[in-house]
Amino acid sequence: MSHWYKRDGSPCYEVPNKSKPGEMRKTKLGDARILDLLPSVTGILDMMAKPGLDRWKQEQIILACIKNPIQYGETEEVYAKHVSEAAKEISEKAASLGTEVHNEIEQSLILMENPDVFVVPKPYKHEQTGPIIESFMEWLPSEIQEVVKLEDPFASPLGYGGKIDIIYETNTGRSILADFKTQSTKPGKPVNSYNQHGMQLAAYAKGTNRWEHRLKIIILSTTEPGRIEIVDWTDRKEEMWKLFEACLTIWKITKKYDPSWERE
């Protein structure tokens, strides 16, 4: 589901549901045309194939077949539906875990900057979340000296918007623009690195005039608590920007909508 932003950078993820007064619904392209909204960076990246994600989804379907063999008398159509639902449940759980970890990281960083703020503890939805956050807080001082911005939304005159996870200063004085990702990893195997990650960071840097910042993806493993790895995209930022720019052009042509405006 694509997110949308106003020209002042503020999010516009939902709009009033005219068919159900008092309720909200997800913003759509038709709403964007009327309200002059900008598509999100991640929405634009949906125009590009994601072979890594597609392989993972295929693996989940195969695993669902193995764990849920066809039952006697069950038709192929019904079985296919059951398997699809089982695979979808796995995908939704992974997405939910990623969202919870992301939210907890944000809260942990806010508390680090404002230790006097009182927050009522709440139970985690996923048992993996606690160990992941604990290891993140232990790792934090080795990389982040000062948090400059958290969850920073923006709008670019080039016709897109987004929300940067974090901008920070390292212990060596470098300015970093970064995004957090959760990933299911395997012991002894490298983390997965996708061009979409680099494209996302390059779009953020270009859209916020932070081109001189270093660009990093911070990966937290959901299967190996304590494993945190950084993928630095800085040396490929020009290449990644060109890829994103091409994707942006395709998006505008395909959607027949160009919300860009001239920089003053």
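Read-outs throughout are calculated quantities, based only on the coordinates presented, and are distinct from any laboratory measurement. Small disclaimer: the values here were computed from a predicted structure and weren't measured. Please note: Cβ atoms are built from the backbone with ideal geometry, for glycine as well, and neighbour counts cover all protein chains shown.
Applying 0.36 nm per residue to the separation of Thr75 and Gln58 and subtracting their alpha-carbon distance, the gain on full extension is 4.0 nm. Here the chain is scanned for trypsin sites (Lys or Arg not before Pro) in DSSP loops (not H, G, I, E, B) that have at most 10 other Cβ atoms within 10 Å, and the longest stretch holding none of them is 19-255. For the residues Ile166, Ile44, Ile66, a GNM of the chain with alpha-carbon springs under 10 Å puts the largest fluctuation on Ile66.
Comparing Pro225, Pro187, Pro153 in a Gaussian network model of the chain (Cα springs below 10 Å), the most mobile by mean-square fluctuation is Pro187. Just to verify a number: FRET efficiency for Arg174 and Lys50, C-beta to C-beta distance, R0 = 30 Å, to 0.05? Efficiency computed from Cβ-Cβ geometry: 0.50. With a cut-off of 14 Å between beta carbons, the residues surrounding Leu35 carry a summed charge of +3, where Lys and Arg count +1 and Asp and Glu -1. Among beta bridges identified by DSSP and lying wholly in segment 4-255, the antiparallel ones come to about 75 percent. Classify segment 158-206 from the C-alpha gyration tensor, please: rounded if a/c falls under 1.5, else prolate or oblate depending on whether a/b exceeds b/c. The shape class here is oblate. Computed from the Kirkwood radius of its Cα pairs, the Stokes-Einstein diffusion coefficient for segment 4-255 at 25 °C and 0.890 mPa s stands at 120 µm²/s.
Need one word for segment 116-264: rounded, prolate or oblate. Basis is the Cα gyration tensor (sqrt eigenvalues a ≥ b ≥ c); a/c below 1.5 gives rounded, then a/b vs b/c decides.
Judged from the Cα gyration tensor, segment 116-264 comes out prolate (a/c at least 1.5, a/b above b/c).
For the pair His82 and Leu158, how long in nm is the line joining their label points, each one 7 Å along Cα→Cβ? The answer from the label model is 4.9 nm.
Our estimate of slack between Cys65 and Cys12, defined as 0.36 nm per intervening residue step minus the Cα-Cα distance, is 15.1 nm. Computed over the chain with a Gaussian network model linking Cα atoms closer than 10 Å, the most mobile of Tyr72, Tyr204, Tyr13 is Tyr72. For segment 1-62 versus segment 189-264, the inter-centroid distance based on Cα atoms is 17 Å. The residues packed around Glu146, meaning those with a beta-carbon under 14 Å from its beta-carbon, carry a net charge of -1 if Lys and Arg are +1 and Asp and Glu are -1.
Over 29 Å between Cα atoms: which of Lys206/Lys256; Lys189/Lys255; Lys57/Lys206; Lys26/Lys186; Lys88/Lys256 fall into that group?
Violating the 29 Å Cα-Cα cut-off are Lys189/Lys255; Lys57/Lys206; Lys26/Lys186; Lys88/Lys256.
Ordering Gly226, Gln200, Pro123 by Cα displacement along the dipole of segment 4-255 toward the positive end leaves Gln200 in first place; charges were set at the Cβ atoms of Lys, Arg (+1) and Asp, Glu (-1).
For segment 4-255, a simple Cβ point-charge model (Lys and Arg +1, Asp and Glu -1, everything else neutral) yields a dipole of about 900 debye relative to the Cα centre.
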